[in-house]
Amino acid sequence: MDDLYRELIIDRYKNPQYRGELDPHDISFADENPLCGDHIRIDLRVDDSGKVTEAAFSGHGCAISQASADLLMETIQGKTLEEVKALTKDDLLDLLGLDLGPVRLKCALLSLKVLKAGVYGVPEASDDLIE
């Protein structure tokens, strides 16, 4: 089963569906993983009812960080900001379908940390946002 998920990660890394920037955007936030240099920026468009109508990510990094961001952007399309706030690290790890060590876990969770910082409107991303 892990091979299937590895193929998914490689495919999302090589052929991301949600890579880009939204201009204009309603929410934008960027951060990086200082341990490895991965960098993610997430842009969202949100309608008047608080629903995510478009989501995109940009940046650079390893296959896991980039695939994670792409899968996360797909997942939040059509969700309300309250539903986005309720996403957990386990939700994202379930999308990836792999057991990850501590260093790779930071890579995988960077996009969720960036997303939550943007949605909550905090000035600085924190790991506390994804616990």
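For region 57-67, which positions are more than 12 Å from Val114 (Cα to Cα) and buried (at least 22 other Cβ atoms within 10 Å of the Cβ)?
Listed by number, the residues that qualify are Ile64, Gln66, Ala67.
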Exercise. Somewhere in region 61-82, is a residue among the small types (Gly, Ala, Ser), over 14 Å from the mean Cα position of the chain (by Cα) and farther than 22 Å from Glu21 by Cβ?
Worked result: no
For this session: Return the residue satisfying two criteria in turn: it lies in region 103-128 and is farther than 16 Å from Gly61 by Cα and surrounded by 20 or more Cβ atoms within 10 Å (Cβ to Cβ), and of such residues it is nearest to the chain's Cα centre (by Cα).
Result: Leu115
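Listed here are the residues, each with its yes/no results for (1) small (Gly, Ala, Ser); (2) at pLDDT 95 or above; (3) out of contact with any His (no Cβ under 8 Å at 6 or more places or on another chain).
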site	(1), (2), (3)
Ser58	yes, yes, yes
Ile64	no, no, yes
Leu72	no, yes, yes
Val84	no, yes, yes
Asp99	no, no, yes
Lys116	no, yes, yes
Problem set entry | Of all residues making up region 101-130, the number that are within 14 Å of Lys89 (Cα to Cα) and of a type in the set (Asp, Glu) | 2
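For (1) in a loop (DSSP other than H, G, I, E, B); (2) farther than 16 Å from Ala67 by Cα, each residue gets a yes or a no:
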{"position": "Ile10", "(1), (2)": "no, no"}
{"position": "Tyr13", "(1), (2)": "no, no"}
{"position": "Pro16", "(1), (2)": "yes, no"}
{"position": "His25", "(1), (2)": "yes, yes"}
{"position": "Ser28", "(1), (2)": "no, yes"}
{"position": "Leu35", "(1), (2)": "yes, yes"}
Seminar exercise, completed: The condition from (1) of a type in the set (Gly, Ala, Ser); (2) outside any loop (DSSP other than H, G, I, E, B); (3) touching a residue at least 60 places away in the same chain (Cβ under 8 Å) that Ala125 misses is numbered (2)
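The values are calculated or read from the model by the stated rules, or taken from the named source; none is laboratory data. Just so we're clear, the structure is a prediction, and the values are computed from it rather than from any experiment. Cβ coordinates were reconstructed from backbone atoms using ideal geometry, including for glycine residues, and neighbour counts include every protein chain displayed.
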